[in-house]
Amino acid sequence: MTLHFYFARRFAIFFIRVFVLFFLFLFLIDLVGQLRSFSSIISFRQVVTLTLLNNPEVLYQMMPLIMIISAAAVYISLSRSNELVISRNTGRSSMQALIGPLLVTICLGGMLVTVFNPIVSTTSALYLDLKDNYSNQKRSVISIGAEGLWLRQGDENGQTVIRAERANFDGSVLYGVSMFEYHSSGGPRRRIEAKSASLQGGGWWLNKTKVWPLIAGINAEENAQKHEWLRVPSSLTTDQIRDRFGKPSTVSFWALPVMINQLKSAGFSARRHEVWYQTEIARPLFLVAMVIIGAAFTMGHSRQRSMGLGVLMAILLGFGLFYVRNFALILAENGQLPVMLAAWAPPLAAILLGLGILFQAEEG
């Protein structure tokens, strides 16, 4: 038990070191990019704030690489100090030397998903809002609630708020539509009710429409007009709507189940969110696989010239598994793989692969 605790503590220390190094490295790179974009618009302090808000999301995506480097570093250190040799002489196998670090990895993975994930989603939203505010961009707002689907689009002529009872799977067709148009000064212009609205050709095509002018001194009902078809210009595209709802990484892990139900109730496809939700649950297992692979290629290499090659092979294999996992997720999002298979098969396969390499290296 004491030895397991010692190995776990050493791994935790190396993880913190690698994490801090990645944070500083990514911070400096992102800071340079933000300075190029905003140095003439905002102060240096505001640029630093933007960079700090953007950094957590990048770190979250880089966590598998951080884990594999941490594992490689700690086992190289243990091999050089002959601590692994002493451990083996006491009758402990390489797998037993992994128990402590793996327990730390599982705990870290659970904290990443349950604690760090909500922080990342919050900072990412703040980053996008501040970025659009500083660059004076009018970003379309899309949300789903118990009342249905809400959209807000804007241009130099004003804003339009759209509410729909439901939509098709990608948001290109809305049903039970209400639109409220506002002048750029903020005053209301007109209200539109339609049976359906189809987004195509840079505008909404409204079917079976009634329009009420909202102008002071005019009776809205007496001056209302009905149209079989009416076109309302829009800056939105189907890709924007799909991407806005299709990026589940911007939604907190705890809010994903509610978001999935709301998307289904509104008529949207929630498959991307379901895939991401299962992937987040399986994330600790994928991090465990990265630690096993990092250890498998670096245990016992302290006296060999191939130590550097072993570290390189571990990182390359980690990258390969990362891209295979992402490819499986894409197939699942497109309906070509079951959600559970795409989310859980890659980390389980990676663990088995890492264990196979580890056992083969130990026998050799």
For every helix of n ≥ 4 consecutive DSSP H residues, a contribution of -39,500 (n - 2.57) applies; sum these over the chain, divide by its total residues, and give [θ] at 222 nm rounded to the nearest 500 deg cm²/dmol.
-20000 deg cm²/dmol
Cα-based helix-to-principal-axis angle, 307-333 vs the chain, degrees rounded to 10:
30 degrees
Residue order, fewest to most surrounding Cβ atoms within 10 angstrom, among Met290, Met95, Met62:
Met95, Met62, Met290
Exposed-loop-free span, longest in the chain, where GluC sites (Glu not before Pro) count as exposed if DSSP calls them loop and at most 11 other C-beta atoms lie within 10 Å
1-146
Would you please report the Å³ per residue occupied by the convex hull of the alpha carbon atoms in the chain?
161 Å³
For q values of 0.25 Å⁻¹, compute log₁₀ I(q)/I(0) with the Debye formula on a Cα-only model of the range 141-235, without solvent.
-1.42
Given all pairs of different Cα atoms, what value in angstroms does the Kirkwood hydrodynamic radius of the range 79-134 take?
14.7 Å
How big is the Rg/Rh ratio for the range 193-245, C-alpha atoms only, Rh by Kirkwood, two decimals?
1.11
List the residues whose amide H sits under 5 Å from the amide H of Arg190, counting only those 5 or more places along or on another chain, with H placed 1.01 Å from N in the peptide plane.
Glu181, Leu214
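No value in this document is a laboratory result; all are computed from the given coordinates. A quick note: this is a predicted structure, and the numbers were derived from the prediction, not measured. So basically every Cβ, Gly included, is an ideal-geometry build from the backbone, and we count neighbours across all protein chains shown.
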